[in-house]
Structures are given as C-alpha cells and as structure tokens.
Amino acid sequence: MYLRGLCSAASFTPLPIASHFSLQVPKFLVPAESLLLLEMDLRSLVKKQMLRQATLQPGLKLPAGRVVSMEEGRRLARLVNDEEARVASACEKAVAEQQSAVPVVLEETVSKRILLIRQRANKEANIKAAVAHAKKQQASNPLSRSAPEVRDIALKLLQKDQGAQAVLNARKVRGGAQKATRHLSK
C-alpha cells in the first residue's frame, strides 16, 4: 500500500508500517535525521528478512564451509552418489573381467619347450627318487649285511667245484686215452 502525492517517485522515502508493508512518504516531509534512522531501520529490516529467509529455508553446510540450500545439497548428494555408483560398477566390471579372463594361448614352440623342461625336471626327480629308494632298500635289507660272507662262501664253493671239474676232466682224458690204447692193442 503506497501513498502517492504530487511528487516524483525519486523523491519518496519508504516508511515501514508493518512487517509486510511500507509507506512511501515524500522526502521533503521527512527531516534529515529521520532519514538516517530510516536507513538504519531498513538495514535491520533487511537483516531480519535475511534471518527469516534463512530459518524458513534452512541451509546445508558443506565440508568446505560453503552453505547451500537443501535442494542444492540434495542435488549435490545425488551427483556424488551417482559418481560413486559409477565407480563401483566399473570396479565390479573390472574384477569380473579379470576373474573370467581367457587363458593365454602360447605359441607351439614355447609350449613344447615348457613341456620338455617339465619332462627333464620330472626325469631327474624320478632318478633321484629311484636312487634314494634303492639305497633305502639296500640299507634295510638284512641280507645286505651278510653279503660279504655269502660272497666268500660262494667263491670257495666255485673254486672247489672248479677243482673237482679239473679232476673229472683229467679222468676223462685218461680214461679216453686208455680206451684208445686198448682198441689199438687188440
């Protein structure tokens, strides 16, 4: 609600009547001291209005110190959540790709070399294991302890047998020689 007189709009000064309305009074009717009070009153009115607006429309303080409205805060939170979801899905996708990775196909020559190296290693290991097993069997065999004695006995028997063979051979030779001389003498 405004009162307009015969003066121009530039020469009017607003006077607050109530919290929502102001009254415009021509400047020539208001003394200079009153104008100063009115300006201070206007500043306090603006402060009150800003405070009222802040209480009616609460703000959200960000970690960086900036204060934004609730709608702006929700929008920023939505953007952050969307970004986090995108990063999480990208990580999950990378992990899934890594888990389901196709085995590397080697060239034929490389795979043959690998097989040969493995075979050699297995062969060497098998030989070592066989030697170790033989040593173990030899050490635990009760006959291996008496082997030198058995060898000595066997040599003596063979020597005796060879001596007996020589005697038999000599008899055969003598007996054959005697038969031959008998046939000739008849």
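From SER19, SER34, which residue is surrounded by 12 or more Cβ atoms within 10 Å (Cβ to Cβ), of a type outside the set (A, V, I, L, M, F, W, C) and either over 40 Å from the mean Cα position of the chain (by Cα) or modelled with pLDDT of 70 or more (or both)?
Exactly one of SER19, SER34 is surrounded by 12 or more Cβ atoms within 10 Å (Cβ to Cβ), of a type outside the set (A, V, I, L, M, F, W, C) and either over 40 Å from the mean Cα position of the chain (by Cα) or modelled with pLDDT of 70 or more (or both), namely SER34.
Please enumerate the residues belonging to the range 54-79 that are in a helix (DSSP H, G or I) and surrounded by 10 or more Cβ atoms within 10 Å (Cβ to Cβ).
Result: ALA54, MET70, GLU71, GLU72, GLY73, ARG74, ARG75, LEU76, ALA77, ARG78, LEU79.
Return yes when VAL110 is part of a helix (DSSP H, G or I), of a type outside the set (Ser, Thr, Tyr) and at pLDDT 80 or above and no when it is not.
Yes: the conditions hold for VAL110.
Could you say which residue among SER146, SER140 is at pLDDT below 80 and surrounded by fewer than 10 Cβ atoms within 10 Å (Cβ to Cβ)?
Just one listed residue meets the conditions, SER140.
The values are calculated or read from the model by the stated rules, or taken from the named source; none is laboratory data. Not measured: the values here are computed from a predicted model. Cβ sites come from the backbone with ideal geometry, for glycine too, and all protein chains shown count toward neighbours.
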